[in-house]
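I have placed the structure first, in the form of structure tokens, so that the comments after it can refer back to it.
Every read-out reported here was derived from the displayed coordinates using simple, explicitly stated rules and does not represent laboratory data. Nothing here was measured: the structure is a model prediction, and the numbers come from that model. So basically every Cβ, Gly included, is an ideal-geometry build from the backbone, and we count neighbours across all protein chains shown.
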Amino acid sequence: MPRGRRGSRVGALEGGREEAAPPAERVLLRGIFEIGSGGCDVELGERALRWRPIRPERPAGDSKFDLLCKEDSIELKDIFSVKLKRRCFFKQQGSGTLLGITLFICLKKEHNKLKDSTLDLINYSEEHCDIWFRELKKILAGFSDRPKSLKIFLNPQSHNKEASEVYYEKVEPLLKLAGIKTDVTVTEYKGHALSLLKECELQGFDGIVCVGGDGSANEVAHGLLLRAQESAGMEKDWVFTPVRAQLPLGLIPAGSTNVLAHSLHGIPHVVTATLHIIMGHIQPVDVCTFSTTGKLLRFGFSAMFGFGGRTLALAEKYRWMSPSKRRDFAVIKTLTRLKPEDCEISFLPFNGSQDEGERMARESVKSDCGKQWRTIQGQFLNVSIMAIPCLCSVAPRGLAPNTRLNNGSMDLIIVRNTSRSEFIKHLKRYAGVKNQFNFPFIETYNVEEVKVHPRSTVGYNPEEEDGPQETAFPWNVDGDLMEVASEVHVRLHPGLISFYGGSIEEVNDPKVTCSCL
Ligand SMILES: Nc1ncnc2c1ncn2[C@@H]1O[C@H](COP(=O)(O)OP(=O)(O)OP(=O)(O)O)[C@@H](O)[C@H]1O
């Protein structure tokens with residue numbers, strides 16, 4: 001229920017900031033409704049709905065009445081649906097007795113959480129309610145950024161097969177309430193969403209939604225970006241100047257890992273993610289391209305090479321275990337066989353420009369003279385390259401807490417060879433809120449571009465230390481295994497994709513759930 005305007009300000013999505021009084025607004029409708037337990041004088045303005053309890057005859061000098069007659073309000077931009085409220089009896093034919101109007105509102109709660117709520121405006125007059133209902137509908141139709149039709153990809157296998165339940169019980173009812181049309185495709189195998197995105201008809205959709213975990217989210221984002229390149233007629237070398245995805249992407253966190261959705265919304269919360277989609281909140285996000293020998297491997301948001309890649313390669317061999325068990329098992333087993341990668345890392349430090357065109361021009365000069373690239377060589381336990389903060393349950397401030405979703409740069413975090421105990425100490429620091437990288441064996445850089453060149457010719461066999469070695473090196477790209485035998489070139493492309501999501505606040509009292517260290 002919205003709070004009082006004068007006593008305690010409303011503004012469901014304003015988060016309590018005090019603002020200068022806005023210019024007077026035109027009143028569109030005025031009428032009487034019962035709200036809560038009493039009759040109210042209600043005004044529908046161009047920006048807000050305000051109501052004030054109707055005063056009974058005021059006994060002279062009684063100041064209590066002033067307190068009781070406080071005005072309340074909600075901003076119209078926080079309303080996402082309006083319905084006529086009717087009383088229907090069991091098995092009743094027809095539409096039932098009119099009780100009034102119900103408004104459905106998006107409220108901002110603590111820790112970046114959004115919640116749906118309702119406000120009932122009670123009035124039994126059909127004619128009165130009809131006028132208000134039509135006007136409110138007209139106002140809602142004017143929010144042109146809100147999606148009206150969505151293409152949904154649902155991975156039924158995500159997180160112990162719980163994604164379907166999440167979608168049909170929590171997401172679909174809210175989308176229906178908001179009057180959004182949906183076209184759901186339940187994916188049947190790994191890569192299905194990607195192949196459908198190559199050719200499916202997207203005309204008429206305002207956005208794409210992925211219901212699943214990081215693997216599915218990355219696949220759909222990659223598919224959407226590939227499609228944009230093909231539609232733009234990009235054939236060769238477009239890896240270096242990709243065009244933006246045409247439609248925004250919504251992520252419903254329904255996987256066993258939801259780092260992308262968590263980083264986007266500040267919380268891996270299904271209703272929050274759904275309400276950002278419904279309200280049409282848009283958040284541009286930086287994207288990386290991963291390429292080798294000039295050929296695009298994939299689009300992505302974060303990558304780990306070394307310990308992060310090896311752990312994932314091992315976990316993938318134990319798919320029969322539950323997701324959390326195989327992750328813990330893989331972390332522990334990889335720690336017992338902790339081994340550095342011998343490689344050369346070159347990177348282009350970030351110089352502050354967020355304009356892709358300007359950057360490309362600068363880069364061509366740089367690569368010609370080769371001046372500003374920095375190169376380091378050595379034995380590295382882990383190399384993280386992250387365009388987004390990568391919030392997750394074991395690192396509530398993120399695996400890359402110093403980067404942002406669209407700051408035009410990536411964090412390069414290099415962990416040099418050290419003892420197992422020191423490395424574990426560093427991993428444990430992620431659970432806290434500061435000093436994750438305050439170790440002599442860790443270096444962090446803010447970069448635009450990175451090349452990781454393994455100097456060894458043999459890759460990694462996750463099972464056998466002394467067994468036959470693979471020829472490829474495992475990378476963990478957004479939780480998905482990518483195996484590459486040679487140098488990987490990672491470039492950042494500012495704001496290349498738009499997600500449904502709002503700006504997030506940092507959480508200072510994070511809750512951590514890590515069982516294996
Ligand atoms: N029907 C399906 N059967 C098997 N795999 C599928 C199916 N549909 C999609 N996938 C693939 O499953 C992979 C993992 O899915 P997702 O990330 O949604 O779930 P998850 O529970 O977080 O998985 P993980 O445990 O791998 O992190 C994705 O790469 C996706 O392409």
Point to revise | Percent of alpha-carbon pairs separated by more than 19 Å within region 91-142 | key: 46
Check your understanding: Assuming R0 = 45 Å, what is the FRET efficiency of A485 and K138, from their Cβ-Cβ distance, to the nearest 0.05?
Key -> 0.15
Revision key, fill the gap. Restricting to lysines and to Cα separations under 24 Å from K198, and discarding same-chain partners fewer than 8 apart, the set is K148, K151, K181, K190, K236, K295
Revision key, fill the gap. Phi-derived 3J(HN,Hα) across region 290-298 with the Karplus relation (6.51, -1.76, 1.60, θ = phi - 60°), rounded Hz, x for Gly and Pro, is 10, 9, 9, 6, x, 10, 5, 8, 5
**Study point:** Packing-based ranking, highest mean first, of 376-383, 218-225 given that Cβ atoms within 10 Å are counted
**Key:** 218-225, 376-383
Study note, to complete from the structure: A correct fewest-to-most ranking of R397, R47 by other Cβ atoms within 10 Å would be R47, R397
Practice item. Mind ranking 305-311, 327-333, 226-232 by how tightly packed they are, going by the mean number of other C-beta atoms within 10 angstrom, highest first? Key: 305-311, 327-333, 226-232
Study note, to complete from the structure: Residues whose modelled amide H sits under 5 Å from the amide H of D41, counting only those 5 or more places away in sequence or on another chain, are R52, I54
Revision key, fill the gap. Under 5 Å from the placed amide H of V209, counting only residues 5+ away or on other chains, we find K151, I152, F153, G250
Study note, to complete from the structure: For the F441, K148 Cβ pair and Förster radius 45 Å, calculated FRET efficiency rounded to 0.05 is 0.30
Point to revise | Extension gain (nm, one decimal) between K339 and T185, 0.36 nm per residue minus Cα-Cα | key: 51.2 nm
Review point. Using the beta-carbon distance between S95 and E165 and R0 = 30 Å, what value does 1/(1 + (r/R0)^6) give for FRET efficiency, to the nearest 0.05?
Key: 0.45
Review point. Residues in region 166-206 near a label at T118, defined as backbone nitrogen under 16 Å from the 7 Å Cα→Cβ point?
Key: 173-179
Review point. Taking the Cα-to-Cβ direction at I131 and at H111 and moving 7 Å from each Cα, how far apart do the two end points lie in nm?
Key: 4.6
Check your understanding: For the pair K198 and K176, how long in nm is the line joining their label points, each one 7 Å along Cα→Cβ?
Key -> 3.5
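Averaged over every viewing direction, what's the projected area of the C-alpha convex hull for region 145-280? Give it in nm², one decimal, please. Kindly include the intermediate steps, with their values, before the conclusion.
Numbers: hull surface 32.2 nm².
If I average the Cα hull's projected area over directions, I get 8.1 nm².
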**Study point:** Sequence-distant lysines (8 or more away, or on other chains) whose Cα lies within less than 24 Å of K339
**Key:** K317, K325, K425, K428, K451
Revision key, fill the gap. Taking 118-130, 258-270 and ranking on average Cβ neighbours within 10 Å, highest first, one gets 258-270, 118-130
